[in-house]
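Input: a single structure, listed below in structure tokens.
The values are calculated or read from the model by the stated rules, or taken from the named source; none is laboratory data. The shown structure was predicted, so the numbers you read here are calculated from the model rather than taken from an experiment. Neighbour counts are summed over all protein chains in view; Cβ atoms, including those assigned to glycine, are modelled from backbone coordinates with ideal geometry. Side chains are part of the model used for accessible areas, which takes the heavy atoms of the whole protein and leaves out ligands, DNA and RNA. Shrake-Rupley method; radii C 1.70, N 1.55, O 1.52, S 1.80 Å.
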Amino acid sequence: MSDAEISFDHVTKEFPKPDGGGLFRAVDDVSLAIAPGELIALLGKTGCGKSTMFNMIAGLTEPSAGVLRVAGRDPFGDFNWFRGKIAIVFQNDRLLPWRTAIENVEIGLEMLGVPTAERRQRAQAWLTRLGLAGHERDYPHALSGGMRQRVSIARAFATDAKFLLCDEPFSALDEITGQRLREEFGTLVRENGKTAVFITHSINEAIQLADRIVVLRRPARIAMDARVPRNASPTERDDLRSRVEAILSE
Amino acid sequence: MSVALRAAQAAAPFLLLAGLWQIASLNLPKFLFPSLVDVFWRVLGIFLDWSEFRNVVATVGRIVAGLGGAFVIGAVLALAMNRSRAADRFIGPIMTFFQGVPALSWVVFAIIWFHGTEPRIFFIMLVTSLPAFVFQVLGALRAVPRDLFEMVLSFRPSGAKMFLQLTLPAILPDILTAWKVNLGNASRVVVVAELVGATGGVGYALLQQQQIFDMAGALAWTLQLVIFVLIAQGFIGMVETRAFKYRAVSEHAL
Ligand SMILES: Nc1ncnc2c1ncn2[C@@H]1O[C@H](COP(=O)(O)OP(=O)(O)O)[C@@H](O)[C@H]1O
Ligand SMILES: [Mg+2]
């Protein structure tokens, strides 16, 4: 457990119910250890607590009970220690409407104090890589949904953070761009020794990309935790797929 | 729409008002409804004679000083209220209370509490504009989208960077709107505030016109303030068009 890069130790998260009566348990006693350099896919039906786990790793919400450590530290309590170390691709693009595409990509670098020229150059490189050359100066309202999501991916990746957290990063993309980005994402994570957690709805995406698949079941418990062998045979993949499907269709 | 047509549309209601006034002036006593030609020459006269125009400058200065002070203090209070529930619960009711106090009451208080015309006027302008600024800035702060806030927060910015890159651009549209609204209110309050014994300013000049029963003069002085408000609003409008060019414009009206 001690060599884990991200570790959940009996982590529970409860929210006050909207009607004021008692607490709602969004994450229930989860223990999970993610090794350095691992690419992990988080699957589960909507409302099963994926985003809540994600927000806890990101340090945006605090566990109600249990211990969560990222790189040995508390992401909520040691919030600022993680500057430049965590990058997030949110489920919705969350672009700032008053900034152009390239300025949106630059925001993370700005927060890190990267000098203007280098900032511009890195942002430009990422936009080009994501097929957005020529749209640098467009405002978000002038971009399509898929393009906006790509800008938000560029914004996260441009910071070159060690931990990548992605909430359904490829779901808003068309087939071809999605496929290209998935491959690119896998390469990026593996070649640069990053640790990544991504949430997805797609079983195929999870099997194609991840080293490991964690399936959550309501009420927010781990129902399955399986490794995906690098050179899995088609039968192994099919077997994995049907096991995940069985849980998700319960 | 062509520029000419738009200008005509904007001018139409004023032309109608002017027409009705002019008809009245032809049929009713001159001291009740003076001819617009006379009023025009008076307006021009005030513009061109510094000994008269400096009254307009003095009044405009009082409006700007009062609004500026109210905005700075209001923004600070709103930031505190947005940050702490205790501050919100403490300041909120006071501002609501202030809003209920008539401008004329503030005039009386100012005369009792302060010496000297300018401090009195500044105080009146400040307290009458403050609640609106506080509530407007607070509303704008509360409307900053939470998901954008968390996005920026996830990069762990300093407080100053968060303010400059997220908060300020997000609340700017509401702040400009607040200035437009409060400018109109302040130009109405200022003439009342000038009744504290000012020996200059549009309010003072209006009082003189009343004493000599000069309707054309009263109208001409009033128009000076109206013109100032129009110019200032036009200026804010220009800032808006420049600053908010990022906004999507629908081809349909709301
Ligand atoms: N801030 C919150 N306050 C109250 N309830 C919340 C909050 N965030 C999430 N929840 C609840 O927790 C459950 C899990 O939500 P979430 O983690 O967003 O699920 P998922 O991402 O898997 O769809 C949902 O039932 C949701 O209503
Ligand atoms: Mg979610």
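Okay, here's what the table says:
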{"read-out": "Mean Kyte hydropathy of -0.5 or more with a Cα span along the axis of at least 27 Å, helices from DSSP in chain A", "value": "none"}
{"read-out": "Residue with peak Gaussian network fluctuation, chain A [Cα springs, cutoff 10 Å], from A:Ile213, A:Ile88, A:Ile176", "value": "A:Ile176"}
{"read-out": "Probe 1.4 Å - accessible area at A:Phe76, Å² to nearest ten", "value": "80 Å²"}
{"read-out": "On Cα atoms only, tilt of B:168-193 relative to the major axis of chain B in degrees", "value": "30 degrees"}
{"read-out": "Cα shape, chain B, gyration tensor, a/c 1.5 rule", "value": "oblate"}
{"read-out": "Contact order relative to length of chain B, as percent, for alpha carbon pairs under 8 angstrom and 6 or more apart", "value": "26 percent"}
{"read-out": "Radius 12 Å from Cβ of A:Leu43, net charge of other residues (Lys, Arg +1; Asp, Glu -1)", "value": "+2"}
{"read-out": "Length-normalised contact order of segment A:110-250 in % [C-alpha pairs under 8 Å, at least 6 apart]", "value": "16 percent"}
{"read-out": "Of B:Ile227, B:Ile212, B:Ile63, the one that fluctuates the most in a GNM where chain B has Cα springs shorter than 10 Å", "value": "B:Ile212"}
{"read-out": "Whichever lysines have a C-alpha closer than 27 Å to that of B:Lys180, once near sequence neighbours (fewer than 8 apart) are set aside", "value": "B:Lys245"}
{"read-out": "Alpha-carbon centroid distance for the pair segment B:19-64 / segment A:78-135, whole angstrom", "value": "57 Å"}
{"read-out": "Under 12 Å, Cβ to Cβ, from A:Leu132 - net charge with Lys/Arg +1 and Asp/Glu -1", "value": "+3"}
{"read-out": "Reference-scaled alpha-carbon Rg (2.2 N^0.38 Å with N residues) for segment A:31-102", "value": "1.27"}
{"read-out": "Under 14 Å, Cβ to Cβ, from B:Thr241 - net charge with Lys/Arg +1 and Asp/Glu -1", "value": "+3"}
{"read-out": "Label-point separation, B:Val101 to B:Leu168 (7 Å along Cα→Cβ), nm", "value": "3.3 nm"}
{"read-out": "Those lysines that a straight Cα-Cα span of less than 16 Å connects to A:Lys162, excepting residues fewer than 8 apart in one chain", "value": "A:Lys85, A:Lys194"}
{"read-out": "With DNA, RNA and ligands ignored, accessible area of A:Thr116 (1.4 Å probe; Å², nearest 10)", "value": "90 Å²"}
{"read-out": "For segment A:151-165 and segment B:169-209, distance of Cα centres in Å", "value": "50 Å"}
{"read-out": "Antiparallel bridge percentage (DSSP; both residues within the protein assembly as shown; nearest 5)", "value": "55 percent"}
{"read-out": "Geometric extent, Cα atoms of chain A - Rg, Dmax (angstrom)", "value": "18.3, 53"}
{"read-out": "GNM flexibility winner over chain A from A:Glu118, A:Glu168, A:Glu62 (Cα, springs under 10 Å)", "value": "A:Glu118"}
{"read-out": "Positive dipole terminus of the protein assembly as shown, leading residue within B:Phe47, B:Ala75, A:Gly59 (C-beta point charges)", "value": "B:Phe47"}
{"read-out": "Projected-area mean, segment A:161-250, by convex hull of Cα positions, square nanometres", "value": "6.4 nm²"}
{"read-out": "Cα-based helix-to-principal-axis angle, B:103-113 vs chain B, degrees rounded to 10", "value": "80 degrees"}
{"read-out": "Size of electric dipole in chain B: Cβ of Lys, Arg +1 and of Asp, Glu -1, about Cα centre, debye, nearest 20", "value": "660 debye"}
{"read-out": "Cα-derived Rg to Rh of the protein assembly as shown, Kirkwood definition", "value": "1.14"}
